[in-house]
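The values are calculated or read from the model by the stated rules, or taken from the named source; none is laboratory data. Predicted model, so just to flag it, every value in this text is computed and none were measured. In this analysis, Cβ positions are derived from the backbone assuming ideal geometry, glycine residues included, and neighbour counts consider all displayed protein chains.
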Amino acid sequence: MDVSVAEAARALGLSPRRVRALARAGQIPARRVGRAWVVHLDPRLPPRSPGRRLSARSAWAVLGLGHEGLSRSERQRARERQVRLADLPPAALGRRAEVHRLVAHPAALRRLEDDPRVVLGGVSAAAHHGADVIAVDRMEGYVRDHHLDPVRRTYALRPPGEGDNPNVVLRVPAPAWPFPDEERYAPRLVVAADLRDAGDERSVRAARGLLE
């Protein structure tokens with residue numbers, strides 16, 4: 001079956017950048033369609049493991065935050081991983097936050113973006129860092145654990161039902177809040193990680209641009 005680079009990356013347990021490199025080198029069956037690669041996967045092959053997932057503290061250190069309490073060797077490993085961040089599978093940073101995918105009335109999205117309890121991330125902060133991706137019908141952000149339920153009540157956010165497409169992604173960082181007080185936008189590397197998590201080709205391409 002033919003799939004996008006992002007889908008192939010998830011199935012193979014590789015980063016999208018690595019999948020593109022393999023495609024260009026002819027090491028996996030793939031072809032160009034316009035500017036994008038289409039990868040042929042054999043559905044009979046079992047999916048590969050997504051690779052090692054870093055601890056939440058290590059994930060934030062790779063993203064340039066939460067260095068407090070790390071040893072010198074842990075800081076060094078974080079710097080080495082940061083250099084090759086584009087080659088890490090998205091799952092490696094998955095423990096940095098608990099993800100809540102929710103549904104909001106479209107009229108509430110702008111008010112939610114302006115809420116001071118929310119640090120904007122992903123597609124909602126992409127343009128702030130110059131990424132070539134924007135979505136007016138979706139919102140992504142980070143909230144503190146004790147703010148999650150109040151924010152959900154304020155904007156009548158609900159879990160998606162059958163046939164619903166979530167239009168809000170709220171992430172609760174673990175193990176502690178990594179952002180400075182009054183921060184409005186997540187840093188560039190964090191936004192890149194959020195966009196890679198989205199998995200669609202446009203977001204992954206925007207993430208690659210931020211990392212490069």
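The table for this structure:
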item: Complete set of residues in region 141-169 that are closer than 17 Å to Val99 by Cα and either among the aliphatic types (A, V, I, L, M) or crowded, with 19+ Cβ neighbours inside 10 Å (or both); result: Gly141, Tyr142, Val143, Leu148, Val151, Leu157, Asn167, Val168, Val169
item: Test: residue in region 24-36 that is in a helix (DSSP H, G or I) and outside the structural domain of Asp197 (by TED's automatic domain parsing); result: yes
item: From Leu102, Leu112, residue being part of a helix (DSSP H, G or I), under 28 Å from Met139 (Cα atoms) and in the same structural domain as Ala135 (by TED's automatic domain parsing); result: Leu112
item: Residue in region 184-204 that is of a type in the set (A, V, I, L, M) and at pLDDT below 90 present; result: yes
item: Filtered residues of region 181-212 (kept if of a type in the set (Ser, Thr, Tyr) and either touching a Lys or Arg at 6+ places or on another chain (Cβ under 9 Å) or crowded, with 22+ Cβ neighbours inside 10 Å (or both)); result: Ser203
item: Tally of residues being touching a residue at least 40 places away in the same chain (Cβ under 8 Å) and either within 25 Å of Arg20 (Cα to Cα) or touching a strand residue (DSSP E or B) at 6+ places or on another chain (Cβ under 8 Å) (or both) across region 63-103; result: 20
item: Complete set of residues in region 78-92 that are assigned to a helix (DSSP H, G or I) and surrounded by 16 or more Cβ atoms within 10 Å (Cβ to Cβ); result: Ala78, Arg81, Leu85, Ala86, Pro90, Ala91, Ala92
item: Residue match in region 33-53 (condition: modelled with pLDDT of 80 or more, out of contact with any strand residue (DSSP E or B) (no Cβ under 6 Å at 6 or more places or on another chain) and within 30 Å of Pro180 (Cβ to Cβ)); result: yes
item: Residue ID - farthest from Arg111 (Cα to Cα), chosen from residues in region 121-157 that are hydroxyl-bearing (Ser, Thr, Tyr) and over 18 Å from the mean Cα position of the chain (by Cα); result: Thr154
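Quick grid of which residues meet (1) hydrophobic (A, V, I, L, M, F, W, C); (2) closer than 13 Å to Ala192 by Cα; (3) surrounded by 13 or more Cβ atoms within 10 Å (Cβ to Cβ):
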position: Arg101; (1), (2), (3): no, no, yes
position: Leu112; (1), (2), (3): yes, no, yes
position: Arg117; (1), (2), (3): no, no, yes
position: Gly121; (1), (2), (3): no, yes, yes
position: His128; (1), (2), (3): no, yes, yes
position: Val133; (1), (2), (3): yes, yes, yes
position: Met139; (1), (2), (3): yes, no, yes
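Here is a yes/no grid of residues against (1) part of a helix (DSSP H, G or I); (2) among the aliphatic types (A, V, I, L, M); (3) closer than 24 Å to Glu7 by Cα:
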residue: Gln76; (1), (2), (3): yes, no, no
residue: Gly94; (1), (2), (3): yes, no, yes
residue: Val133; (1), (2), (3): no, yes, yes
residue: Glu140; (1), (2), (3): no, no, yes
residue: Arg152; (1), (2), (3): yes, no, no
residue: Leu170; (1), (2), (3): no, yes, yes
residue: Asp181; (1), (2), (3): no, no, no
residue: Ala193; (1), (2), (3): yes, yes, yes
